[in-house]
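The structure appears below as structure tokens.
Read the figures in this text as sums done on the coordinates, not as results from a lab. Every value quoted in this text rests on a predicted model; they were computed, and no experiment measured them. Note that each Cβ is placed from the backbone with ideal geometry, even for glycine, and that neighbours are counted across all protein chains shown.
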Amino acid sequence: MRCGCFQAWEDNYCEKVMKLRQNEFYWLSSSLYKRSLGTILFWMTPVFVSTVTFGAYILLGHQLSPAIVFTSLAAFRIVQDPVRVVPELLAISIQVQVSLGRLSRFLQDSELQDKAVDRHHSEDYAVEIQDAVLSWDPLASKPTLPSINLKIMPGNHVAVCGSVGSGKSTLLYSIMGEIPKVSGSVSPLPCRTLLIFQFSMQSVSGNMP
């Protein structure tokens, strides 16, 4: 927000937001119209089926009688409830399929490296990184952060500054052991809490190994 105000981007952002809102309004309206149509068809289907059935029975030259009418209506009433459950079953099946797909992708993701951080380090430094090559994708040809060297003394206050996408969060995540290490060494002081504050005022916290 502060960056947008400094650059006088309020009008441009407002225009983009309004376009997105119009698109959202279109899809919400379409969804509500379809839901209303589905509700009408849902409640009109029993009457429609009964009318068509009795009309076809008469057109075929048969004679309606109270016994046939009431027996048919009772049969339609028995079949009505299971048929109404079919759309709910389809919706639940789709939700289950989506959930299983997400769980499958999550469970198939690679695990964090046990040796992403070194547990044996020098007591002279709170954080010591030597020739570390860090990459979110270890198989990528170009690492995210190559040849990182950093030493932080205990009790020092250090600010990591840089442009957007320069690797500030990646560096701090590497100290927490949450990014694959291709080579080098990362040695943080164990049993300390690390707080990562970004420019957007969001924070990420975790315990160092």
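As a quick test, which of the pairs Lys16/Lys142; Lys151/Lys181; Lys19/Lys168 have an alpha carbon distance above 25 angstrom in this structure?
The pairs that break the limit, which is 25 Å between Cα atoms, are Lys16/Lys142; Lys19/Lys168.
Express in nm, to one decimal, how much length is gained between Ser72 and Leu60 on full extension, taking 0.36 nm for each residue of separation and deducting their alpha carbon distance.
2.7 nm
Work out, step by step, the length gained on full extension between Leu150 and Gln108: first 0.36 nm times the residue separation, then minus their alpha carbon distance; give nm to one decimal.
11.8 nm
Starting from the Cα-Cα distance between Val133 and Ser30, subtract it from 0.36 nm times their residue separation and give me the gain in nm to one decimal.
32.1 nm
What translational diffusion coefficient, to the nearest whole µm²/s, does region 2-108 have by Stokes-Einstein, given a Kirkwood radius computed over alpha-carbon pairs, a temperature of 25 °C and 0.890 mPa s viscosity?
Using the Kirkwood radius from Cα pairs, D works out to 126 µm²/s.
Determine which residues of region 25-52 fall in the zone a paramagnetic label at Ile94 would reach in this model, i.e. backbone nitrogen under 15 Å from the point 7 Å along Cα→Cβ.
Under cut-off, by backbone N: 28, 30-39.
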